[in-house]
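Encoded as structure tokens, the structure appears first; notes follow it.
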Amino acid sequence: METSDVIILGAGAAGLFCAGQAGQRGLRVAVLEKAEAPGKKILISGGGRCNFTNLGAGPANYLSVNPHFAKSALARYTPADFLALVERHGIAWHEKTLGQLFCDGSAKQIVAMLLAECPAETVTISCQTAPQTVERSTDGRFIVTAEDGRQWQAPALVIATGGPSIPKMGATDFAYRLARQFGLKVVEPRPALVPLTLGGEETLFRELSGVAAPVLARAGTAEFAEAALFTHKGLSGPAILQVSSYWRHGEAVGITFLPDAATDWLIEAKHSRPRTHLRTLLRERLPDRLADALADRLGLDRELGNISDKDLRAAQSKLADWRFAPNGTEGYAKAEVTAGGIATAELSSRTMEAAKVPGLYAIGEAVDVTGWLGGYNFQWAWASAHACAEALAEAHWA
Ligand code: FDA
């Protein structure tokens, strides 16, 4: 049986960062990772360049049953802190858009940095090591037994095994099963940052597969100004991925095509260019295939001068709030993250420790804190891991 101060389950973004931070504080850390190598999701993130943080990351960019939960950790480890680390490791980076920071080179550099941050004297990482059982001894120690019979024990256990998004990469609901085993509640998980599917009459929009346009997209109380993309299954693109995290089955998604158009732009065009067809006008501002599809559905494909003001106003309103009724999402297979997870009500927002189970911690995506698209999820992984590592170093047994 190997003995350490902390066992961390999962060598992803949160687990690796926590291991480094705790190891640098002198704690002996055993990291157990199911996959054959650490940080696999980091390697495929940001199209291989890892969108490692967002300069604007703050509590408002996260979904959680308790929107205040993320505040403490995010305030104590900021995007500037992570950027300083990236720079200390000489990793070249750039801001792509909307505060999103990417490596100039490769996401491999972030994994290499996280591994280099783990002191060899204090941190051991065991890959291809899936815990079979996790038990608690009568003196409060956690005992982890791997499938091959090896055992680890420690007074603290950190759940950092992420969420079930992208199961073909080995992602599982292990974190939720373990949390439930220790009596912690789990907020119903669901795929987030995920393409939406269209059915019924709206399947006709699938003929637009591959067409993208800047839009305003809305679901629930959320609204995002980014690009939407029509796919052979429905809707995707950054604007749709963002609203998908807020969308619930049965609800509509509202899309404003031409978000920069003036309120009465069709009436104004009727006065200035009465001989122009509606289709032609739309084609001037939107990709041809999308303009044609919208003109067909508006049913007003004639010269503007021959369309009543009432009908033009109705068309303006429809274009400003086109209602789609998705019949589902593309599921965990295509979801960049999982919303929901270990209930924040069970955890201290300062330490990430479970109130009911002293010594048990949960960090990263396993917790019911879900970021927007654009580097926010990694920032939560770093911040929650940092909060946890600080608390571990202050724990009574450390
Ligand atoms: P993460 O999933 O990173 O790590 C969990 C680890 O636990 C994995 O290594 C897994 O193998 C391991 N594990 C699972 N079950 C286990 C078990 N039973 N025992 C032991 N180990 C186990 N975010 C962002 O901010 N910017 C971006 O650019 C992207 N891009 C992106 C692209 C794609 C395709 C995806 C799928 C996701 C992103 N994300 C992202 C989201 C981001 O990758 C994600 O939120 C973080 O990796 C979460 O970090 P965690 O450490 O919590 O989980």
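The values are calculated or read from the model by the stated rules, or taken from the named source; none is laboratory data. None of these values were measured; they are calculated from a predicted model. Here Cβ is always computed from backbone atoms with ideal geometry, including for glycine, and neighbour counts include all displayed protein chains. Quick note on the areas: whole protein, heavy atoms, side chains included, nothing else; ligands and nucleic acids left out. Shrake-Rupley method; radii C 1.70, N 1.55, O 1.52, S 1.80 Å.
Can you confirm whether Lys41 is more than 9 Å from the ligand (Cβ to nearest atom), open to solvent by 20 Å² or more (accessible area, probe 1.4 Å) and among the charged types (D, E, K, R)?
No, not satisfied.
Would you mention how many residues in segment 161-204 are out of contact with any Gly (no Cβ under 8 Å at 6 or more places or on another chain), within 16 Å of the ligand (Cβ to nearest atom) and either of a type in the set (Lys, Arg) or farther than 21 Å from Leu32 by Cβ (or both)?
Looking only at that region, the number is 5.
Being closer than 22 Å to Tyr77 by Cα, open to solvent by 50 Å² or more (accessible area, probe 1.4 Å) and within 26 Å of the chain's Cα centre (by Cα) narrows it down to one residue among Glu394, Glu346, Glu390, Glu336; which is it?
Checking each option against the conditions leaves just Glu390.
Among the numbered criteria (1) more than 18 Å from Glu330 (Cα to Cα); (2) touching a helix residue (DSSP H, G or I) at 6+ places or on another chain (Cβ under 9 Å), which one does Ser165 miss?
(1)
Does at least one position in segment 206-227 carry a residue that is within 21 Å of the chain's Cα centre (by Cα) and within 30 Å of Ala130 (Cβ to Cβ)?
no
So in segment 22-38, with the set limited to residues that are under 21 Å from Ala387 (Cβ atoms) and charged (D, E, K, R), which one is most open to solvent (accessible area, probe 1.4 Å)?
Per the criteria, the residue is Arg28.
Looking at Thr138, Thr133 in this structure, which one is within 18 Å of Phe174 (Cα to Cα), open to solvent by 50 Å² or more (accessible area, probe 1.4 Å) and either in a strand (DSSP E or B) or of a type in the set (S, T, N, Q) (or both)?
After applying the criteria, what remains is Thr133.
As an exercise: evaluate Ala75 against (1) open to solvent by 20 Å² or more (accessible area, probe 1.4 Å); (2) touching a residue at least 40 places away in the same chain (Cβ under 8 Å); (3) of a type in the set (Gly, Ala, Ser) and give the number of the one condition it does not meet.
(2)
Inspect segment 61-84 for any residue being in a helix (DSSP H, G or I), on the phi > 0 side of the Ramachandran plot and more than 9 Å from the ligand (Cβ to nearest atom) and give the result as yes or no.
Among the residues of segment 61-84, not one is in a helix (DSSP H, G or I), on the phi > 0 side of the Ramachandran plot and more than 9 Å from the ligand (Cβ to nearest atom), which makes the answer no.
Quick check, is Ala293 open to solvent by less than 10 Å² (accessible area, probe 1.4 Å) and modelled with pLDDT under 95? First the steps, then the outcome.
Numbers: open to solvent by less than 10 Å² (accessible area, probe 1.4 Å): yes; modelled with pLDDT under 95: yes.
So Ala293 fits the description; yes.
Residues of segment 173-201 being touching a Ser or Thr at 6+ places or on another chain (Cβ under 9 Å) and free of Cβ contacts under 8 Å to residues at least 40 places away in the same chain, which ones?
Correct list: Asp173 only.
Working carefully through the options Gly26, Gly15, Gly56, find the one that is near the ligand (Cβ under 7 Å from one of its atoms) and either of a type outside the set (Asp, Glu) or part of a helix (DSSP H, G or I) (or both).
Numbers: Gly26 fails: near the ligand (Cβ under 7 Å from one of its atoms); Gly56 fails: near the ligand (Cβ under 7 Å from one of its atoms).
Sole residue among the options that is near the ligand (Cβ under 7 Å from one of its atoms) and either of a type outside the set (Asp, Glu) or part of a helix (DSSP H, G or I) (or both): Gly15.
Could you say whether any residue in segment 177-198 is surrounded by fewer than 17 Cβ atoms within 10 Å (Cβ to Cβ) and farther than 30 Å from Gly359 by Cα?
No: segment 177-198 contains no residue that is surrounded by fewer than 17 Cβ atoms within 10 Å (Cβ to Cβ) and farther than 30 Å from Gly359 by Cα.
Could you tell me which residue of segment 349-370 is surrounded by the fewest Cβ atoms within 10 Å (Cβ to Cβ), considering only residues that are over 14 Å from Tyr77 (Cβ atoms) and near the ligand (Cβ under 10 Å from one of its atoms)?
Filtering segment 349-370 for residues that are over 14 Å from Tyr77 (Cβ atoms) and near the ligand (Cβ under 10 Å from one of its atoms), the one surrounded by the fewest Cβ atoms within 10 Å (Cβ to Cβ) comes out as Thr370.
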